[in-house]
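The values are calculated or read from the model by the stated rules, or taken from the named source; none is laboratory data. It should be emphasised that the depicted structure is a prediction, and the values quoted were computed from it without experimental measurement. Don't worry about glycine lacking a Cβ; one is built from the backbone with ideal geometry, like all the others, and counts go over all protein chains shown. Each accessible area value is taken on the protein alone, full model and side chains, heavy atoms only, with ligands, DNA and RNA left out. Shrake-Rupley method; radii C 1.70, N 1.55, O 1.52, S 1.80 Å.
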Amino acid sequence: MIFPRFTLNISQDGFLFKSLLLISTFLYLFQLKFLSFEWMPTTRFVFLLCTFTVGFKLLYFFKKEIENNIIFYLIQCSVFLYIISQIILLPTDFGMLSKIIVFLVFTLYMAAAASIFFFDVRHFLKILTICCSIQAVMVFVSFLVPEYRDWLSSIMVEGGNIPFSDPFRVPGFSTGSGASLALTISAGVFSSMALYWWSEKLKPKLLYLLLSISMSVSCIFVGKLGLFLSLFYVLTFFVLSFNNLKHTGFIFFVTVFILFLIYLSLDVDLDAIAYPLQRSFSIFLNGEDSSVGALGEMPIPPLDITTIIGTGLASTPNGLNASGSDIGYIQTYFGFGLIISIFFYASFFFYLVFNILKLPKSKNKLLCLIFFAPLFIIELKEPFVTKITHPLILLILIFLSQKELGRKNAQGRLK
(Lines give C-alpha, C1' and ligand atoms only; values in the text may rest on other atoms or scores of the structure.)
Protein backbone atom coordinates (compact mmCIF):
# COMPACT_ATOMS: atom_id res chain seq x y z
CA MET A 1 0.00 0.00 0.00
CA ILE A 2 2.52 2.56 1.06
CA PHE A 3 6.19 2.63 1.83
CA PRO A 4 7.54 5.20 4.26
CA ARG A 5 10.27 7.65 3.43
CA PHE A 6 13.25 7.07 5.66
CA THR A 7 15.57 9.80 6.83
CA LEU A 8 17.69 9.53 3.71
CA ASN A 9 14.98 11.58 2.01
CA ILE A 10 14.18 9.40 -0.98
CA SER A 11 12.77 11.50 -3.81
CA GLN A 12 9.16 10.73 -4.69
CA ASP A 13 10.12 11.09 -8.34
CA GLY A 14 12.99 8.62 -8.05
CA PHE A 15 13.07 5.00 -9.20
CA LEU A 16 13.78 3.69 -5.71
CA PHE A 17 10.73 5.33 -4.14
CA LYS A 18 8.46 4.19 -6.98
CA SER A 19 9.74 0.62 -6.66
CA LEU A 20 9.29 0.55 -2.90
CA LEU A 21 5.81 2.03 -3.24
CA LEU A 22 4.84 -0.65 -5.75
CA ILE A 23 6.21 -3.51 -3.61
CA SER A 24 4.58 -2.20 -0.45
CA THR A 25 1.24 -1.74 -2.19
CA PHE A 26 1.34 -5.33 -3.42
CA LEU A 27 2.31 -6.67 0.01
CA TYR A 28 -0.46 -4.76 1.74
CA LEU A 29 -3.26 -5.39 -0.75
CA PHE A 30 -2.72 -9.15 -0.91
CA GLN A 31 -2.03 -9.53 2.83
CA LEU A 32 0.76 -12.08 2.48
CA LYS A 33 1.85 -14.28 5.35
CA PHE A 34 5.07 -16.27 4.93
CA LEU A 35 5.80 -19.43 6.90
CA SER A 36 9.17 -18.10 8.03
CA PHE A 37 7.58 -14.86 9.29
CA GLU A 38 4.13 -16.03 10.32
CA TRP A 39 4.25 -13.65 13.28
CA MET A 40 4.68 -10.67 10.93
CA PRO A 41 2.10 -10.59 8.12
CA THR A 42 2.86 -8.02 5.45
CA THR A 43 -0.12 -5.87 6.49
CA ARG A 44 1.34 -5.49 9.98
CA PHE A 45 4.83 -4.86 8.59
CA VAL A 46 3.69 -2.00 6.34
CA PHE A 47 1.49 -0.60 9.12
CA LEU A 48 4.44 -0.43 11.54
CA LEU A 49 6.67 1.25 8.96
CA CYS A 50 4.03 3.86 8.27
CA THR A 51 3.42 4.53 11.94
CA PHE A 52 7.12 5.06 12.61
CA THR A 53 7.59 7.44 9.68
CA VAL A 54 4.39 9.42 9.08
CA GLY A 55 2.67 9.13 12.44
CA PHE A 56 2.83 12.86 13.18
CA LYS A 57 1.46 13.76 9.75
CA LEU A 58 -1.41 11.35 10.36
CA LEU A 59 -2.20 13.05 13.67
CA TYR A 60 -2.59 16.33 11.80
CA PHE A 61 -4.67 14.59 9.09
CA PHE A 62 -7.08 13.05 11.60
CA LYS A 63 -7.40 16.28 13.56
CA LYS A 64 -9.03 17.88 10.51
CA GLU A 65 -10.77 14.65 9.47
CA ILE A 66 -12.46 14.17 12.86
CA GLU A 67 -13.51 17.82 12.99
CA ASN A 68 -15.27 17.39 9.62
CA ASN A 69 -16.87 14.00 10.47
CA ILE A 70 -17.32 14.14 14.23
CA ILE A 71 -20.51 12.04 14.39
CA PHE A 72 -18.98 9.17 12.40
CA TYR A 73 -15.90 9.01 14.62
CA LEU A 74 -17.94 9.24 17.83
CA ILE A 75 -20.06 6.30 16.69
CA GLN A 76 -17.02 4.23 15.72
CA CYS A 77 -15.35 4.94 19.08
CA SER A 78 -18.60 3.94 20.80
CA VAL A 79 -18.70 0.68 18.83
CA PHE A 80 -15.10 -0.03 19.83
CA LEU A 81 -15.81 0.63 23.52
CA TYR A 82 -18.96 -1.50 23.37
CA ILE A 83 -16.99 -4.46 22.01
CA ILE A 84 -14.42 -4.02 24.79
CA SER A 85 -17.27 -4.18 27.31
CA GLN A 86 -18.52 -7.39 25.66
CA ILE A 87 -15.10 -8.97 26.17
CA ILE A 88 -15.11 -7.96 29.84
CA LEU A 89 -18.71 -8.94 30.65
CA LEU A 90 -19.52 -11.84 28.31
CA PRO A 91 -18.01 -15.30 27.70
CA THR A 92 -16.72 -14.33 24.29
CA ASP A 93 -13.61 -14.29 22.11
CA PHE A 94 -11.58 -11.57 20.41
CA GLY A 95 -13.09 -12.07 16.94
CA MET A 96 -15.30 -8.99 16.94
CA LEU A 97 -12.53 -6.90 18.48
CA SER A 98 -10.29 -8.02 15.62
CA LYS A 99 -12.94 -6.93 13.09
CA ILE A 100 -13.28 -3.41 14.46
CA ILE A 101 -9.49 -3.01 14.76
CA VAL A 102 -9.07 -4.12 11.15
CA PHE A 103 -11.66 -1.54 10.12
CA LEU A 104 -10.34 1.38 12.18
CA VAL A 105 -6.60 0.74 11.96
CA PHE A 106 -5.81 -1.38 8.90
CA THR A 107 -8.48 0.25 6.73
CA LEU A 108 -9.29 3.80 7.82
CA TYR A 109 -5.90 4.68 9.32
CA MET A 110 -3.91 3.11 6.49
CA ALA A 111 -6.05 4.78 3.82
CA ALA A 112 -5.08 8.11 5.37
CA ALA A 113 -1.43 7.05 5.35
CA ALA A 114 -1.71 6.09 1.67
CA SER A 115 -2.98 9.56 0.80
CA ILE A 116 0.36 10.94 1.98
CA PHE A 117 2.44 8.77 -0.34
CA PHE A 118 0.35 8.75 -3.51
CA PHE A 119 0.48 12.01 -5.42
CA ASP A 120 -3.06 11.90 -6.79
CA VAL A 121 -5.87 9.56 -7.85
CA ARG A 122 -4.32 8.72 -11.21
CA HIS A 123 -1.01 7.84 -9.56
CA PHE A 124 -2.80 5.47 -7.18
CA LEU A 125 -4.80 3.87 -10.00
CA LYS A 126 -1.62 3.15 -11.97
CA ILE A 127 0.04 1.44 -9.00
CA LEU A 128 -3.13 -0.54 -8.25
CA THR A 129 -3.35 -1.65 -11.89
CA ILE A 130 0.26 -2.88 -11.92
CA CYS A 131 -0.12 -4.79 -8.64
CA CYS A 132 -3.31 -6.56 -9.70
CA SER A 133 -1.93 -7.29 -13.18
CA ILE A 134 1.06 -9.01 -11.58
CA GLN A 135 -1.28 -11.03 -9.40
CA ALA A 136 -3.38 -12.00 -12.43
CA VAL A 137 -0.24 -13.30 -14.16
CA MET A 138 0.56 -15.36 -11.06
CA VAL A 139 -2.97 -16.77 -11.10
CA PHE A 140 -2.42 -18.02 -14.65
CA VAL A 141 0.98 -19.44 -13.62
CA SER A 142 -0.51 -21.28 -10.65
CA PHE A 143 -3.25 -22.71 -12.89
CA LEU A 144 -0.90 -23.85 -15.64
CA VAL A 145 2.01 -25.04 -13.45
CA PRO A 146 1.03 -27.37 -10.57
CA GLU A 147 4.66 -27.44 -9.39
CA TYR A 148 4.38 -23.73 -8.66
CA ARG A 149 1.55 -24.38 -6.20
CA ASP A 150 3.69 -27.01 -4.47
CA TRP A 151 6.49 -24.47 -4.14
CA LEU A 152 4.08 -21.82 -2.86
CA SER A 153 2.84 -24.15 -0.12
CA SER A 154 6.44 -24.48 1.09
CA ILE A 155 6.84 -20.73 1.70
CA MET A 156 3.34 -19.30 2.26
CA VAL A 157 0.81 -19.84 5.04
CA GLU A 158 -2.30 -21.47 3.59
CA GLY A 159 -5.34 -19.38 4.48
CA GLY A 160 -9.04 -19.82 3.81
CA ASN A 161 -10.93 -22.99 2.93
CA ILE A 162 -9.36 -23.60 -0.49
CA PRO A 163 -6.07 -25.54 -0.39
CA PHE A 164 -3.13 -24.63 -2.63
CA SER A 165 -3.49 -28.05 -4.25
CA ASP A 166 -6.93 -27.22 -5.69
CA PRO A 167 -6.40 -27.20 -9.50
CA PHE A 168 -9.47 -25.09 -10.31
CA ARG A 169 -9.39 -22.25 -7.76
CA VAL A 170 -5.76 -21.26 -7.63
CA PRO A 171 -3.92 -18.87 -5.31
CA GLY A 172 -1.70 -16.76 -7.56
CA PHE A 173 0.92 -15.36 -5.20
CA SER A 174 -1.15 -15.08 -2.04
CA THR A 175 -2.27 -17.05 0.99
CA GLY A 176 -5.10 -18.67 -0.93
CA SER A 177 -7.80 -18.42 -3.57
CA GLY A 178 -11.39 -17.37 -3.04
CA ALA A 179 -13.66 -14.35 -2.94
CA SER A 180 -11.23 -12.02 -1.16
CA LEU A 181 -8.46 -12.54 -3.71
CA ALA A 182 -10.92 -12.22 -6.60
CA LEU A 183 -12.30 -9.02 -5.08
CA THR A 184 -8.82 -7.47 -4.97
CA ILE A 185 -8.10 -8.44 -8.58
CA SER A 186 -11.43 -6.93 -9.64
CA ALA A 187 -10.28 -3.66 -8.02
CA GLY A 188 -7.42 -3.80 -10.51
CA VAL A 189 -9.97 -4.09 -13.32
CA PHE A 190 -11.69 -0.99 -11.94
CA SER A 191 -8.44 0.97 -11.87
CA SER A 192 -7.35 -0.19 -15.31
CA MET A 193 -10.72 0.66 -16.84
CA ALA A 194 -10.67 4.05 -15.11
CA LEU A 195 -7.31 4.75 -16.75
CA TYR A 196 -8.74 3.48 -20.05
CA TRP A 197 -11.59 5.98 -19.69
CA TRP A 198 -9.14 8.77 -18.80
CA SER A 199 -6.76 8.08 -21.70
CA GLU A 200 -7.21 9.81 -25.02
CA LYS A 201 -4.63 8.00 -27.16
CA LEU A 202 -5.18 4.61 -28.77
CA LYS A 203 -2.08 2.77 -27.47
CA PRO A 204 -2.67 3.35 -23.73
CA LYS A 205 -6.38 2.60 -24.19
CA LEU A 206 -5.50 -0.70 -25.85
CA LEU A 207 -3.03 -1.55 -23.08
CA TYR A 208 -5.46 -0.78 -20.25
CA LEU A 209 -8.28 -2.76 -21.86
CA LEU A 210 -5.94 -5.70 -22.45
CA LEU A 211 -4.96 -5.64 -18.78
CA SER A 212 -8.60 -5.33 -17.69
CA ILE A 213 -9.74 -8.32 -19.71
CA SER A 214 -6.73 -10.39 -18.59
CA MET A 215 -7.49 -9.66 -14.94
CA SER A 216 -11.17 -10.42 -15.49
CA VAL A 217 -10.34 -13.78 -17.05
CA SER A 218 -8.02 -14.65 -14.16
CA CYS A 219 -10.99 -14.31 -11.78
CA ILE A 220 -12.54 -17.39 -13.43
CA PHE A 221 -9.85 -19.42 -11.65
CA VAL A 222 -10.19 -17.57 -8.34
CA GLY A 223 -13.75 -16.56 -7.52
CA LYS A 224 -16.90 -15.63 -9.41
CA LEU A 225 -17.54 -12.55 -7.26
CA GLY A 226 -14.43 -10.94 -8.74
CA LEU A 227 -15.52 -11.95 -12.24
CA PHE A 228 -18.96 -10.35 -11.92
CA LEU A 229 -17.51 -7.18 -10.38
CA SER A 230 -14.97 -7.03 -13.20
CA LEU A 231 -17.72 -7.29 -15.79
CA PHE A 232 -19.62 -4.54 -13.98
CA TYR A 233 -16.59 -2.23 -14.11
CA VAL A 234 -15.83 -3.00 -17.78
CA LEU A 235 -19.42 -2.38 -18.87
CA THR A 236 -19.73 0.76 -16.74
CA PHE A 237 -16.68 2.38 -18.28
CA PHE A 238 -17.76 1.29 -21.76
CA VAL A 239 -21.03 3.14 -21.17
CA LEU A 240 -19.08 6.20 -20.02
CA SER A 241 -17.08 5.97 -23.26
CA PHE A 242 -20.26 5.69 -25.34
CA ASN A 243 -19.58 9.02 -27.05
CA ASN A 244 -16.70 7.28 -28.85
CA LEU A 245 -18.35 3.92 -29.43
CA LYS A 246 -16.55 3.09 -32.70
CA HIS A 247 -13.18 3.73 -31.06
CA THR A 248 -14.14 1.63 -28.05
CA GLY A 249 -15.48 -1.24 -30.18
CA PHE A 250 -12.33 -1.37 -32.28
CA ILE A 251 -10.12 -1.45 -29.18
CA PHE A 252 -12.28 -4.16 -27.60
CA PHE A 253 -12.11 -6.52 -30.58
CA VAL A 254 -8.37 -5.96 -31.06
CA THR A 255 -7.85 -6.79 -27.35
CA VAL A 256 -9.95 -9.97 -27.56
CA PHE A 257 -8.02 -11.02 -30.68
CA ILE A 258 -4.68 -10.53 -28.88
CA LEU A 259 -5.92 -12.61 -25.93
CA PHE A 260 -7.09 -15.33 -28.33
CA LEU A 261 -3.63 -15.47 -29.91
CA ILE A 262 -2.08 -15.77 -26.44
CA TYR A 263 -4.49 -18.60 -25.65
CA LEU A 264 -3.54 -20.45 -28.86
CA SER A 265 0.14 -20.13 -27.98
CA LEU A 266 -0.44 -21.92 -24.65
CA ASP A 267 -0.86 -25.65 -24.30
CA VAL A 268 -4.09 -25.60 -22.27
CA ASP A 269 -6.31 -28.64 -21.82
CA LEU A 270 -9.90 -27.61 -22.61
CA ASP A 271 -11.22 -30.08 -20.02
CA ALA A 272 -9.15 -28.34 -17.38
CA ILE A 273 -10.91 -25.01 -17.88
CA ALA A 274 -14.41 -26.50 -18.38
CA TYR A 275 -15.15 -26.75 -14.66
CA PRO A 276 -14.02 -23.21 -13.74
CA LEU A 277 -16.06 -21.82 -16.64
CA GLN A 278 -19.13 -23.83 -15.71
CA ARG A 279 -18.80 -22.82 -12.07
CA SER A 280 -18.39 -19.13 -12.87
CA PHE A 281 -21.26 -18.91 -15.35
CA SER A 282 -23.64 -21.47 -13.80
CA ILE A 283 -26.27 -18.80 -13.17
CA PHE A 284 -26.48 -18.20 -16.94
CA LEU A 285 -26.06 -21.84 -18.00
CA ASN A 286 -28.34 -23.50 -15.45
CA GLY A 287 -30.44 -20.61 -14.22
CA GLU A 288 -29.13 -21.05 -10.68
CA ASP A 289 -25.95 -20.45 -8.72
CA SER A 290 -24.61 -22.71 -5.97
CA SER A 291 -23.21 -19.82 -3.94
CA VAL A 292 -26.46 -17.86 -4.04
CA GLY A 293 -28.39 -20.99 -3.12
CA ALA A 294 -26.05 -21.76 -0.22
CA LEU A 295 -26.31 -18.19 1.12
CA GLY A 296 -30.10 -18.36 0.91
CA GLU A 297 -30.14 -21.52 3.00
CA MET A 298 -27.89 -20.18 5.74
CA PRO A 299 -29.58 -19.64 9.09
CA ILE A 300 -30.41 -16.22 10.56
CA PRO A 301 -29.98 -16.19 14.34
CA PRO A 302 -33.34 -15.38 15.96
CA LEU A 303 -33.93 -11.90 17.30
CA ASP A 304 -33.87 -12.08 21.09
CA ILE A 305 -32.12 -10.39 23.98
CA THR A 306 -28.88 -12.23 23.17
CA THR A 307 -28.68 -11.03 19.58
CA ILE A 308 -29.94 -7.54 20.44
CA ILE A 309 -27.00 -6.96 22.82
CA GLY A 310 -24.65 -9.21 20.80
CA THR A 311 -22.69 -12.28 21.69
CA GLY A 312 -19.25 -10.86 20.87
CA LEU A 313 -18.45 -14.19 19.21
CA ALA A 314 -16.88 -14.66 15.80
CA SER A 315 -16.20 -18.40 16.02
CA THR A 316 -17.09 -21.43 18.10
CA PRO A 317 -14.51 -23.30 20.28
CA ASN A 318 -13.92 -25.76 17.41
CA GLY A 319 -13.23 -22.90 14.97
CA LEU A 320 -16.53 -22.82 13.09
CA ASN A 321 -18.44 -19.66 12.20
CA ALA A 322 -20.37 -18.71 15.36
CA SER A 323 -23.33 -17.17 13.49
CA GLY A 324 -23.61 -20.10 11.09
CA SER A 325 -23.73 -17.72 8.14
CA ASP A 326 -21.17 -16.36 5.66
CA ILE A 327 -23.20 -13.17 5.15
CA GLY A 328 -21.34 -10.17 6.53
CA TYR A 329 -24.43 -8.49 7.94
CA ILE A 330 -25.45 -11.64 9.83
CA GLN A 331 -22.00 -12.17 11.31
CA THR A 332 -21.86 -8.57 12.48
CA TYR A 333 -25.42 -8.67 13.83
CA PHE A 334 -24.66 -11.84 15.78
CA GLY A 335 -21.41 -10.49 17.21
CA PHE A 336 -22.01 -6.75 17.65
CA GLY A 337 -25.70 -7.04 18.41
CA LEU A 338 -28.56 -5.64 16.34
CA ILE A 339 -28.43 -2.06 17.61
CA ILE A 340 -24.64 -1.63 17.44
CA SER A 341 -24.40 -3.29 14.02
CA ILE A 342 -27.03 -0.86 12.65
CA PHE A 343 -25.04 2.07 14.01
CA PHE A 344 -21.81 0.62 12.57
CA TYR A 345 -23.07 0.09 9.02
CA ALA A 346 -25.30 3.17 8.88
CA SER A 347 -22.59 5.53 10.12
CA PHE A 348 -20.08 4.21 7.57
CA PHE A 349 -22.64 4.36 4.76
CA PHE A 350 -23.56 7.99 5.46
CA TYR A 351 -19.91 8.93 6.04
CA LEU A 352 -19.02 7.66 2.56
CA VAL A 353 -22.05 9.23 0.89
CA PHE A 354 -21.43 12.58 2.59
CA ASN A 355 -17.74 12.71 1.67
CA ILE A 356 -18.28 11.58 -1.92
CA LEU A 357 -21.14 13.98 -2.61
CA LYS A 358 -19.13 16.79 -1.03
CA LEU A 359 -16.53 16.45 -3.79
CA PRO A 360 -16.95 18.86 -6.72
CA LYS A 361 -18.32 17.45 -9.95
CA SER A 362 -15.35 15.72 -11.56
CA LYS A 363 -14.07 12.38 -12.82
CA ASN A 364 -12.76 11.65 -9.32
CA LYS A 365 -16.24 11.98 -7.86
CA LEU A 366 -17.69 9.66 -10.48
CA LEU A 367 -14.94 7.09 -9.84
CA CYS A 368 -15.71 7.15 -6.11
CA LEU A 369 -19.43 6.63 -6.82
CA ILE A 370 -18.77 3.71 -9.17
CA PHE A 371 -16.48 1.95 -6.67
CA PHE A 372 -18.87 2.73 -3.80
CA ALA A 373 -21.85 1.13 -5.60
CA PRO A 374 -21.06 -2.58 -4.89
CA LEU A 375 -19.68 -2.20 -1.34
CA PHE A 376 -22.85 -2.74 0.69
CA ILE A 377 -24.13 -5.32 -1.81
CA ILE A 378 -21.10 -7.63 -1.63
CA GLU A 379 -21.46 -7.60 2.16
CA LEU A 380 -24.27 -10.09 1.46
CA LYS A 381 -21.55 -12.53 0.36
CA GLU A 382 -18.94 -12.06 3.11
CA PRO A 383 -18.00 -9.39 5.69
CA PHE A 384 -15.92 -7.38 3.21
CA VAL A 385 -16.36 -4.11 5.09
CA THR A 386 -14.05 -5.53 7.75
CA LYS A 387 -11.69 -7.29 5.31
CA ILE A 388 -9.63 -4.24 4.32
CA THR A 389 -9.51 -4.28 0.51
CA HIS A 390 -12.66 -2.68 -0.90
CA PRO A 391 -13.27 -0.03 1.78
CA LEU A 392 -9.53 0.72 1.91
CA ILE A 393 -9.35 1.49 -1.81
CA LEU A 394 -12.55 3.55 -1.69
CA LEU A 395 -11.25 5.61 1.24
CA ILE A 396 -7.94 6.18 -0.54
CA LEU A 397 -9.84 7.46 -3.60
CA ILE A 398 -11.83 9.85 -1.38
CA PHE A 399 -8.81 11.10 0.56
CA LEU A 400 -6.75 11.61 -2.59
CA SER A 401 -9.64 13.44 -4.26
CA GLN A 402 -9.82 15.75 -1.25
CA LYS A 403 -6.05 16.19 -1.46
CA GLU A 404 -6.26 17.20 -5.12
CA LEU A 405 -9.07 19.61 -4.31
CA GLY A 406 -7.04 21.19 -1.51
CA ARG A 407 -4.06 21.55 -3.85
CA LYS A 408 -6.20 23.27 -6.51
CA ASN A 409 -7.72 25.61 -3.95
CA ALA A 410 -4.25 26.53 -2.64
CA GLN A 411 -3.04 27.24 -6.20
CA GLY A 412 -6.12 29.35 -6.80
CA ARG A 413 -5.42 31.45 -3.72
CA LEU A 414 -1.81 32.01 -4.86
CA LYS A 415 -3.04 33.33 -8.20
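For the stretch 70-131, the equivalent ellipsoid built from the Cα gyration tensor has semi-axes of 33, 14, 7 Å, listed from largest to smallest. Dimensions of the stretch 128-237 along the principal axes, based on C-alpha atoms and rounded to the nearest Å, stand at 45, 22, 19, largest first. Across the stretch 111-124, computed HN-Hα scalar couplings (Karplus, 6.51 cos²θ - 1.76 cosθ + 1.60, θ = phi - 60°) run 5, 5, 4, 4, 5, 7, 8, 7, 6, 7, 4, 5, 4, 4 Hz from first to last residue, x flagging Gly and Pro. Scanning residues 5 or more positions from MET156 or on other chains, those with amide H under 5 Å from its amide H are LEU35, with H placed 1.01 Å from N in the peptide plane.
The packing ranking of peptides 372-383, 391-402, 78-89, highest mean first, is 391-402, 372-383, 78-89, where packing means the average number of other beta carbon atoms within 10 angstrom of each residue. Taking all protein chains as they are arranged and a probe of 1.4 Å, the heavy atoms of PHE94 leave approximately 140 Å² accessible to solvent.
Considering the stretch 52-210, its Cα convex hull presents a mean projected area of 13.5 nm². The smallest convex shape that holds all Cα atoms of the stretch 298-370, its convex hull, gives 101 Å³ per residue.
Between LEU240 and THR306, the FRET efficiency from the beta-carbon distance, with R0 = 45 Å, is close to 0.40.
Note that the stretch 143-160 has calculated 3J(HN,Hα) couplings of 7, 7, 10, x, 4, 4, 5, 5, 5, 4, 5, 8, 10, 10, 5, 8, x, x Hz, one per residue in order, obtained from phi through the Karplus relation 6.51 cos²θ - 1.76 cosθ + 1.60 (θ = phi - 60°); glycine and proline are x.
Take THR51 and ARG407, extend 7 Å from each Cα along the Cα→Cβ direction, and tell me the distance between the two endpoints in nm. It is 2.9 nm.
Once the 1.4 Å probe is applied to the protein heavy atoms, the stretch 83-126 comes out at 38 Å² accessible per residue.
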